[in-house]
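For reference, the structure discussed in these notes is given below.
Laboratory data are not the source of any read-out in this text; all were calculated from the coordinates shown. In this text the structure is predicted, and so the values were computed from the model without any measurement. Note that each Cβ is placed from the backbone with ideal geometry, even for glycine, and that neighbours are counted across all protein chains shown.
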Amino acid sequence: MSTDAKQPLLDAQEVTVRFGGLVAVDAVSATFMPGELVGIIGPNGAGKTTFFNAISGVTKPTSGRLTVRGQQLAGKGPHRFARNGLARTFQTPRTFGDMTVRDNIAFGLKFAGRRRRKYILWGEESGVPWVLRTADSILGLIGLSAQADLPAAAITPSQQRLLEIGMALATRPRMLLLDEVAAGLTENEVEEMARLIRRLRDELDLTVVWIEHAVTTLLRHVERVIVLHQGKKIADGPPREVVRNPEVIEAYLGDEMNDENDESRAEVTA
Amino acid sequence: MTSRQFLIRDLLVLFGLTGWAVALPGFASEFAVSMALTCLMYIALSSSWAMFCGTTRYLSLATSAFFGIGAYTSAIGLESLPWEQVIVLGALVAAAVAVVMGAAVLHLRGTYFAVLTFGMTELIRHAISYFEKSVTGTVGRVLMVVPERETIYLTVLLLAVIAVALSIVIRRTRFGLALQGIGADEQRAQTLGVNTRIVKTAGFALTAAIAGAVGAAMSVRWTYIDPHTVFNPFIGFQTVLIALIGGAMTLWGPLIAAIVFSVLAETLRLQVPQLYMMSLGLLLILSVLYLPGGLASLRTDTFKGWKNDIQAWWTDIKDDLSGETKRRKEREKKRREQRHVY
């Protein structure tokens, strides 16, 4: 993509989300550069999903600034975020059950497609990777070609997660926000999902922000990780450094010290 | 069939029905024509209602408000304006009111939306009643200039055809897809780039425009109108009932149900008026329980399914009565015990 490498794709400044008296996200700032693969982790109730909702426009932040490629979008509707190249998936797949898998993909192609204006002007979709131009090639990319004509409600939960990613890709995003796409998948499926995500990032030049509850999986695949705890950002950096951060260890120890986290730390620090 | 073949089929069916309806006044009795007029009115109202409210699942009870606004526009404008302009004006005024109303209530969903649309309908009705009483000093309006019966019939027919044709065409456009997305999962549709506020307002205004035009055309049938006849909430309820019984998500459901209703209404109301409302209620209960997709979802398989269900139910009862169920359970118990011996 020809965007200025120095300009951040998304610049979130002091984003705060308050639900009544509860501060779900407390003045979190984070900058996402083009081509980054960033993970967000945090114990239960740390505000990961709420922060995600805020940076995709689903929840209006109580205060703070969200600058997408120089444009101020805080407080705008989710469709503005989508049209500016921010696509997201949901924790529980929210596909259109009555429509076929292909139509689910075509939906995003019809509405968000950030090159729409150019499409009208030049008569062709310049700058859109060929693989994102038709519903069928997107289905091929995520590996759901065989299910194209089935209603979306009829495919398996792990295929639904892939379809969620496909629907997000159909909006021709610059930035893909993934909310626990690997939850509830088998180990093999998780590996496959991680490979797909890396491939999308590399081949389509996307920025990927990935929330996962299973820390092990995430730390193995991302290049930078943001740790949220009780609504605040407590660490931001490469996985190796972050797992040594005493504050992070404290947060996880204080919350729940399960085998998985222990294992992940051992594995990454090794 | 491909999508294009479906489009051609639907348009042909509509064309055929239109031809039949145009010819009707030529051979049918006056009674039949007046029945057909009511029928066409409800086809227009519930088809346009289903087009927005059915697909997006925004259950609006404001149809009678738009109908009444159209009727009043017509009553006021008919003396100075030609017929066609009166109808268009009725549609425009109703659509304008819908845009304002939509801005206030379209961010609500479900019961809140339904109740608020109904509340606003009542508000408009009482506001006009009050205005009539205290400012104009009348209760209603007498319509002096009334067009031919034939003209009224053809106008309402045209509006019904427009309503059905719009339903056919819109579901194939980007706008229709957006409406479907809103009905399936509004927030998901937003995150995929749909500006839901504009789409919803436009859809609501379109529905209102048709209801307003129908109101403008139908008002002349009464020759005397007052707020309580034209803002009658029953018009709104009946529109919703027809669409639900016919199948609010389907294309032909509202039309089929409107025909069934008008026949029921005219035959029952004359002979046994009490039975009319009762059978209406019964039909709604039955369709919600056994035909959630509406009358339009009836297929031969549906009947076969019912037949099988009834047969299974009947066999169960027979077995129970003859003691066969008891004996079967004993046999199964014995078999289990035999297995446990080893």
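With the cut-off at 32 Å, tell me which of the pairs B:Lys307/B:Lys334; B:Lys304/B:Lys334; A:Lys233/B:Lys200; A:Lys60/B:Lys200 have Cα atoms farther apart than that.
As for pairs spanning more than 32 Å Cα to Cα, those are B:Lys307/B:Lys334; B:Lys304/B:Lys334; A:Lys233/B:Lys200.
Test of understanding: express the Cα radius of gyration of region B:3-298 as a ratio to 2.2 N^0.38 Å, with N the residue count.
0.97
Ignore the peptide's own chain and count Cβ atoms of other chains within 10 Å of each Cβ in B:182-190; give me the average, rounded.
Taking all residues of B:182-190 together, the mean is 6.
Eigenvalues of the Cα gyration tensor times 5, then square-rooted: what semi-axes does that give for region A:77-228, in whole angstrom, largest first?
24, 19, 14
Please list the helices of chain B that count as membrane-span-like by this rule: a mean Kyte-Doolittle hydropathy of at least -0.5 together with Cα atoms stretching 18 Å or more along the helix axis, each helix being a complete DSSP H run.
Going by DSSP H runs, the hits are B:3-27, B:30-49, B:63-77, B:83-105, B:110-131, B:149-170, B:196-219, B:233-246, B:253-271, B:273-290.
Per-residue mean of other chain beta-carbon atoms within 10 angstrom of the beta-carbon, peptide A:76-87?
Mean shielding count: 4.
Can you pull a Stokes-Einstein diffusion coefficient for region B:257-342 at 25 °C (0.890 mPa s), Rh from Kirkwood over Cα pairs, as a whole number of µm²/s?
Once the numbers are plugged in, D ends up at 144 µm²/s.
At q = 0.13, 0.14, 0.16 Å⁻¹, what base-10 log of I(q)/I(0) does the Debye formula yield for region B:60-157 when every alpha carbon is treated as an equal point scatterer in vacuo?
For region B:60-157 at q = 0.13, 0.14, 0.16 Å⁻¹, log10 I(q)/I(0) is -0.55, -0.62, -0.78.
Over all alpha-carbon pairs of the protein assembly as shown, lay out the pair-distance distribution in 10 Å bins, whole %, shortest bin first.
Result returned by the calculation: 3, 14, 20, 19, 16, 14, 10, 4, 1, 0.
Convert 25 °C to kelvin, take the viscosity as 0.890 mPa s, use the Kirkwood radius over C-alpha pairs of region A:25-117 as Rh, and evaluate the Stokes-Einstein diffusion coefficient in µm²/s, rounded to a whole number.
The diffusion coefficient I find is 164 µm²/s.
How many Cβ atoms of partner chains, on average, are near each residue of A:90-96 if near means within 10 Å of its Cβ?
Mean shielding by partner chains, rounded to a whole number: 3.
Go through B:299-306, B:286-293 and give me the packing order, highest mean Cβ count within 10 Å leading.
Answer by packing, highest mean first, reads B:286-293, B:299-306.
How big is D, in µm² s⁻¹, for region B:88-222 by Stokes-Einstein at 37 °C and 0.692 mPa s if Rh is the Kirkwood radius over C-alpha pairs?
192 µm²/s
Longest span of chain A, sites excluded, free of GluC sites (Glu not before Pro) in DSSP loop with at most 15 other C-beta atoms within 10 Å?
A:1-123
Using only the alpha carbons of chain A, determine the length spanned along each of the three principal axes and report them from longest to shortest in whole angstroms.
Result, largest extent first: 55, 40, 36 Å.
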